[in-house]
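One structure is given below, encoded as structure tokens.
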Amino acid sequence: MQSPRRFPPVRKRPLPVPGERLRRAVDTVLAGLADDGDLSRLDDVLRAALAWTAASGDTCRVAPAVGRVRDARVSLAQDDAEHAEAALLAARDDLHVVPSQRAVH
């Protein structure tokens, strides 16, 4: 008689935090703006994060922050780093609110 086949224990993966990649990108770009980084490279970071957010289905969960990041991209394209920084700071504040903690209207 053969012994029963043993399977490794099932490990639950933690659920991804909505907007996590967008939050990291915002922090990266804010640091780049403080260091007078290349604005087109910083825009690429934001564009990639927005694409990732859309692909993962998180855009609706972090919509206010997405709008502010898009506004920051427009500002970067116009070489307005000051306005981009303000928009990104507001986006970062929006991203610190966990969607499940938001009030349901």
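The values are calculated or read from the model by the stated rules, or taken from the named source; none is laboratory data. As the structure is a prediction and not an experimental result, all values here were calculated from the model. Cβ atoms come from the backbone with ideal geometry, glycine included; neighbour counts cover every protein chain shown. Note: accessible area is taken over every heavy atom of the protein model, side chains too, but ligands, DNA and RNA are not part of it. Shrake-Rupley method; radii C 1.70, N 1.55, O 1.52, S 1.80 Å.
Please enumerate the residues belonging to the range 22-64 that are among the polar types (S, T, N, Q), closer than 21 Å to H83 by Cβ and surrounded by 18 or more Cβ atoms within 10 Å (Cβ to Cβ).
Quick first cut of the range 22-64, residues among the polar types (S, T, N, Q) only: 28, 40, 53, 56, 59.
Those left that are additionally closer than 21 Å to H83 by Cβ: 28, 40.
Of everything in the range 22-64, nothing turns out to be among the polar types (S, T, N, Q), closer than 21 Å to H83 by Cβ and surrounded by 18 or more Cβ atoms within 10 Å (Cβ to Cβ).
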Quiz item: Looking at the range 71-86, is at least one residue touching an Asp or Glu at 6+ places or on another chain (Cβ under 7 Å), surrounded by 14 or more Cβ atoms within 10 Å (Cβ to Cβ) and either free of Cβ contacts under 8 Å to residues at least 12 places away in the same chain or part of a helix (DSSP H, G or I) (or both)?
Solution: yes
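State yes or no: is G67 open to solvent by less than 70 Å² (accessible area, probe 1.4 Å) and at pLDDT below 95?
Here the answer is no, as G67 does not meet what is asked.
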Quiz prompt | Pairs with Cβ under 8 Å, 6+ apart, first in the range 55-68 and over 13 Å from R21 (Cα atoms), second among the aliphatic types (A, V, I, L, M) | solution = P64/A91; R68/A87; R68/L88; R68/A90; R68/A91
